[in-house]
Amino acid sequence: MVVELPLRAHMLPGQSPSALLLDAAASPTGPVPSSHPTERCLSRFVADEMGARRKKKIIRHVENCSACEQEAARLRQLRRTFRDLERTAIAYAASL
C-alpha cells in the first residue's frame with residue numbers, strides 16, 4: 001500500500017518546495033518517500049488487525065518516526081480508555 005502525500009509532507013522544517021525538488025533531482029535514486037501510514041492503518045496496527053508482513057513494515061516505520069510513534073501511543077491510550085469504559089459499563093449493568 002502506497003500512500004500519496006502532498007509535497008509538503010516530504011519537506012524538512014524550513015525547506016522550500018523548490019529546494020526539495022532540487023535535492024530530489026540531484027539524488028541518483030530520486031526523492032526518498034516519507035510515506036506515513038494512515039490513521040486507519042495505525043489503528044489496525046495498534047489493534048493487531050493486520051498481517052505479519054504489513055505489521056513488520058509498520059513496526060519498522062514507527063521505530064524510526066517519532067510522529068507515528070506518538071500517534072500509535074495516542075491510539076493505544078484511546079483503545080485502553082474505551083476498553084475501561086466498556087468494563088465499567090458492564091460492571092454497572094451487572095449491578096442493577
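Things to note:
- Any pair with Cβ under 7 angstrom, 6 or more apart, that starts in the range 46-58 at a residue that is under 13 Å from Arg79 (Cα atoms) and ends at one that is in a helix (DSSP H, G or I): Val46/Ala72; Val46/Leu75; Val46/Arg76; Val46/Arg79; Ala47/Arg79
- Close Cβ contacts (under 6 Å, 6 or more residues apart or on different chains) running from residues in the range 74-96 that are charged (D, E, K, R) to residues that are part of a helix (DSSP H, G or I) and surrounded by 10 or more Cβ atoms within 10 Å (Cβ to Cβ) comprise Arg76/Val46.
- When Pro13 is tested against the conditions (1) out of contact with any helix residue (DSSP H, G or I) (no Cβ under 6 Å at 6 or more places or on another chain); (2) at pLDDT 90 or above; (3) assigned to a loop (DSSP other than H, G, I, E, B), the lone failure is (2).
- Scanning the range 74-96 for residues that are within 21 Å of Val62 (Cβ to Cβ) and among the polar types (S, T, N, Q) turns up Gln77, Thr81.
The values are calculated or read from the model by the stated rules, or taken from the named source; none is laboratory data. Treat the numbers as computed from the prediction; the structure is a model and nothing was measured. Ideal geometry is used to build each Cβ from the backbone, glycine not excepted, and the neighbour counts take in all protein chains shown.
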